[in-house]
Amino acid sequence: MMNKSDKPFKYVFSETSIESFKKKPEDNLTFSALVNLVQTVNYQIKYLNNESVVISKYTKDGKLIHTEKIDLPVSEHTDFEALLVKFEQSKPPKPTKENDVVSEGINKKSKKDKPKFQQLSIQSVTMIGFTVLTVCVLGTGFTINHSINQANKQQTKLSQELLLSQLETSEKYDKVAQKMKEFDYPTKSIANMYIDNGKFVSALKTDKKALTSVLKEVDTEESKEQKSALETIKKADVVEKKQSPRLDLRLALLNKDTDFLKKNKKNIDSQDLADRIIHYFISEKEYDTAKIVLKDFPNKDLEKQVKEAETENQKKQLEDKLNSVKKTVSDTKKQLDGKNKQISDLHKQLDDLNKNDKSPDKGKHVDDKNKEIDNANKDKNKISDILKDQQGKEKEAQKAVDDFNKN
C-alpha cells in the first residue's frame, strides 16, 4: 500500500547508535525512499542485536506528523511497507480539546509571569554571565573533542559494516568471519553468519553451541538437502558425541528407519521434529508409538489425526477381513457347484450304462460308476461343511463391521 502522491517530507533519525542514521540524521525523503533506506540499513546491520531508531516525520513548516521507535534488525522477509505504514500520513494529527485548553493555560501564564532574569541585579547578571561564559568555553572544548571521537567511531563502524556486506555478497565467508573476529563480533554472531549462508560445518567449528540453530535451519530445507547437510555434518565430526543422536534421529527419519526411530524417540529435541516423526508413525500405522511421542510433545491437531487414522485403519481392517471371507465363501460355492455338476454328469453316465451297455463286463462298469458317484458325494459333503463354517465366519465379520460403524 503506497502513498499515491509520494511527496518528499523531512525525516529526522534520533536516539540511535546505528551508524547510517547517525551519519545523516536528517533527510528529505518520499515514503518509498524511506522504505528502501530502512530495508538497506536493516541488511547492513543484520548481525547486530537490539538496535533501534526513532523516526520522526515533519511538514515543511516544522509540524510533527508522526514519530515512532523502530527496532532493528528484523527478518529480511519483513514487509517493510507494513512496518512503516504510519509514515504514509501527510498531515499532523488533530489536537484534542484537552490539549488546546492546556496550551491556552500555558500561554496565559507565560504572558503574565515575568522572566526571573528581570528580577536580578546588574551585578548578579554580570556574575552569572561570566560564569556561564566560562562554563560554555570549557564545555565547548570538551563537546568538540567528544563529537570528534564519536564521529570517528561512527565512521569506523560504518566502514566495517560495509566491508562485511561486500565480502558476504562475494561469498567470501571465511574472510567475513576473520574480519568479524577482528571487529570484536561475538562468536555467536559469526556462527549465525555461517548458518545464514548454509555453511553449517563452519558454523559448528566456530561455535559448538550452534547445533540447535544449525538443526533448526536444516529442518526447514527439502528432504534431499536435509539429508546431504546432515551427512556432511556427521562426516566432518564437528558434533559432540552426546549430541550425535540428534543427527542420527533426523537421518533415520529421512531414511524411513522405523525401528531406529522407535528405539531412539527419547532423543527428539524439538516440537517441529516431533511433529514430523509423528506424521511418519501415522503413515506407518505405528499409532501406539505416535501416542507416546505426543505425551512429551503435545499437539492437539496431531492427536486428532492419530485418533482418526487409527479409527479408519481399524474400520478398514474389519472391512478387509469381511471382504476376504466373502471371497472365500464365493469360491467355495463355485467349488460346490462344480461338484454338483460332476455328480449330475456321473448319474447320466450311469443311466446310459444301464440302458446301453451290452458287454459282458456291464456289471463291473456299473459298480465302478457307482463308486465314482459315492466318492463325489463324499467330496460334496466335505465342501458343504467347509461352506457352512465360512458362512458362519462371514456373519461374524459382518456383525463386527456393523457394530464398529454404530460406535
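Summary table
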quantity	calculated
Residue check, K241 under 21 Å from L254 (Cβ atoms) and either without any contact (Cβ under 8 Å) to a residue 12 or more places away in the chain or basic (K, R) (or both)	no
Filter result for the condition that a residue is within 30 Å of Q317 (Cβ to Cβ) and loosely packed, with under 15 Cβ neighbours inside 10 Å, over K348, K388, K358, K364	K388
Every pair of residues 6+ apart whose Cβ atoms lie under 8 Å, when the first sits in region 80-92 and is of a type in the set (S, T, Y) while the second is surrounded by 14 or more Cβ atoms within 10 Å (Cβ to Cβ)	S90/N3; S90/F9; S90/I65
Single condition T30 does not satisfy, out of (1) farther than 15 Å from E68 by Cβ; (2) within 30 Å of the chain's Cα centre (by Cα); (3) touching a residue at least 12 places away in the same chain (Cβ under 8 Å)	(2)
Count of region 285-322 residues which are within 30 Å of D385 (Cα to Cα) and either surrounded by 13 or more Cβ atoms within 10 Å (Cβ to Cβ) or basic (K, R) (or both)	7
Scan of region 1-57 for residues that are surrounded by 18 or more Cβ atoms within 10 Å (Cβ to Cβ), in contact with a Lys or Arg (Cβ under 6 Å, 6 or more places away or on another chain) and not in a helix (DSSP H, G or I), ordered by number	F9, Y11
Scan of region 353-407 for residues that are of a type in the set (S, T, N, Q) and touching a residue at least 60 places away in the same chain (Cβ under 8 Å), ordered by number	Q390, Q391, Q398, N405
Filter result (under 14 Å from Q89 (Cα atoms) and surrounded by fewer than 14 Cβ atoms within 10 Å (Cβ to Cβ)) within region 61-74	K63, L64, E68
Any helices (runs of 4 or more DSSP H) falling wholly within region 151-222 and containing at least 2 residues that are under 31 Å from the mean Cα position of the chain (by Cα) and either surrounded by fewer than 17 Cβ atoms within 10 Å (Cβ to Cβ) or not assigned by TED's automatic domain parsing to the domain that holds V239 (or both)	173-182, 187-196, 211-218
Given (1) within 30 Å of T169 (Cα to Cα); (2) surrounded by 17 or more Cβ atoms within 10 Å (Cβ to Cβ), index of the condition T232 fails	(2)
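The values are calculated or read from the model by the stated rules, or taken from the named source; none is laboratory data. If you're wondering where the values come from, they're calculated on a predicted model, not measured in any experiment. Reconstructed Cβ throughout: ideal geometry from the backbone, glycine too, with neighbour counts over all protein chains shown.
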